[in-house]
Amino acid sequence: VSTQSTGVLNLIILRFGNELLRSVWNRDKISNVVITFKEDFGTAGRAGYFDTSGIIRDVMQNHLLQILCLVAMERPVSVDASDIRDEKVKVLKFIKPIELDDVVIGQYVGNPDGKTDDARTGYKEDPGVPADSKTPTYAMAKMHIDNDRWAGVPFILKCGKALNERKAEIRIQFKDTPSDIFGNMCRRNELVIRVQPSEAVYCKMNVKSPGMSFNTVESELNLSYHDRFEGLDLPDAYERLILDFILGSQTNFVRTDELAEAWRIFTPLLHKLDAGQKEPVQYVYGTRGPAEADKFIGDLGFKFSSTYKWTEKK
């Protein structure tokens, strides 16, 4: 997942170029923010490197934290690189270091019913991984940004390997509709920015169900590039990154003070995990991850709706 993808960069224009979103982008309307990165394969020959880093260093501390900054930052003075990076650093300064109780970590085991050798192989069975390894292959962490805009809103970062699907997305979940007159049939609105595998932007809405009834059903406002601009060839995230490097644009490169703040937030936690102060929970290859993570995110106020699933338009 890269902050150079069209979906992530589009977030800046969605936020600051549309009054509709600008006015609800705060703790009064938003319940929680979930930033997700999932892979449907294991360490795939990278176990030697991965065991020295783990999923938090590999994905969460850099990629997901940068996306969090773009979601939460105040409007920059301009779109100049220095102005955007100034606002990203301000966000990080409002986040306290993560504690052990703020995370759920997991490590995958082989699925005996898996269809491939990789699926049947657990993390510790991968060549190069010590038999007593406690390196997490899954992590979910909560953060709070203690400023006027975001006080009380949990930001939930989750990432993992050997899960049930490949997906990277930003999910902004809004609060419940007050005084629901439709018999509690209304689900929470969500703005979803899908980064991969297929870039998409959509907003989950409640509408009248088809037919004669007066029931509600979930649908979406589709804001996706591929549907609006057919035949458009969107650049790969790394193509854009290389072009920025050639042109000397520093907008999406991490500045030294931003990096220092990121390590301030994560280093105490990483030292405790490296010392074995928290055991990773086992989860089976090809599942959604540890069951403990579902309880963890539910306790933070996230509400999962099983009545709707995004389907890519053909």
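The values are calculated or read from the model by the stated rules, or taken from the named source; none is laboratory data. In this text the structure is predicted, and so the values were computed from the model without any measurement. FYI the Cβ positions are ideal-geometry reconstructions off the backbone, even for glycines, and counts take in every protein chain you see. Calculation scope for accessible area: heavy atoms of the full protein, side chains included, ligands and nucleic acids excluded. Shrake-Rupley method; radii C 1.70, N 1.55, O 1.52, S 1.80 Å.
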What is the one condition in (1) in contact with a Lys or Arg (Cβ under 9 Å, 6 or more places away or on another chain); (2) farther than 28 Å from C203 by Cα; (3) modelled with pLDDT of 95 or more that L300 does not satisfy?
(2)
Looking at segment 113-124, which of the residues that are part of a loop (DSSP other than H, G, I, E, B) and without any contact (Cβ under 8 Å) to a residue 24 or more places away in the chain is most open to solvent (accessible area, probe 1.4 Å)?
K115
In segment 136-154, residues that are under 22 Å from F50 (Cα atoms) and open to solvent by 20 Å² or more (accessible area, probe 1.4 Å) total 0
Of all helices (runs of 4 or more DSSP H) completely enclosed by segment 180-276, which ones contain at least 1 residues that are modelled with pLDDT of 75 or more and surrounded by 15 or more Cβ atoms within 10 Å (Cβ to Cβ)?
256-274
Has segment 138-149 got at least one residue that is β-branched (V, I, T) and either farther than 17 Å from V34 by Cα or in a loop (DSSP other than H, G, I, E, B) (or both)?
no
Looking at (1) in contact (Cβ under 8 Å) with a residue 12 or more places away in the chain; (2) farther than 24 Å from K161 by Cβ; (3) of a type in the set (G, A, S); (4) assigned to a loop (DSSP other than H, G, I, E, B), which is the only condition A44 fails?
(2)
From the set of residues in segment 48-57 that are part of a helix (DSSP H, G or I) and surrounded by 19 or more Cβ atoms within 10 Å (Cβ to Cβ), which is modelled with the lowest pLDDT?
F50
Checking the structure you have, find out if any residue of segment 125-135 is surrounded by fewer than 16 Cβ atoms within 10 Å (Cβ to Cβ), in contact (Cβ under 8 Å) with a residue 12 or more places away in the chain, more than 26 Å from V195 (Cβ to Cβ) and among the acidic types (D, E).
yes
Does segment 278-288 contain at least one residue that is part of a helix (DSSP H, G or I), within 19 Å of the chain's Cα centre (by Cα) and within 29 Å of G110 (Cβ to Cβ)?
no
Residue that is surrounded by the fewest Cβ atoms within 10 Å (Cβ to Cβ), among those in segment 78-97 that are under 12 Å from L259 (Cα atoms) and of a type outside the set (A, V, I, L, M, F, W, C)
K93
Search segment 155-176 for residues being assigned to a loop (DSSP other than H, G, I, E, B) and not small (G, A, S), and hand back the single one that is surrounded by the most Cβ atoms within 10 Å (Cβ to Cβ).
K161
Residues of segment 74-112 being under 17 Å from G276 (Cα atoms) and part of a helix (DSSP H, G or I), which ones?
L100, D101, D102
Can you spot a residue in segment 44-63 that is within 30 Å of E125 (Cα to Cα) and basic (K, R)?
yes
On the given criteria, is F37 touching a residue at least 40 places away in the same chain (Cβ under 8 Å), within 30 Å of Q282 (Cα to Cα), surrounded by 14 or more Cβ atoms within 10 Å (Cβ to Cβ) and aromatic (F, W, Y)?
yes
Going by the structure shown, is L64 part of a helix (DSSP H, G or I) and either modelled with pLDDT under 90 or closer than 25 Å to Y285 by Cα (or both)?
yes
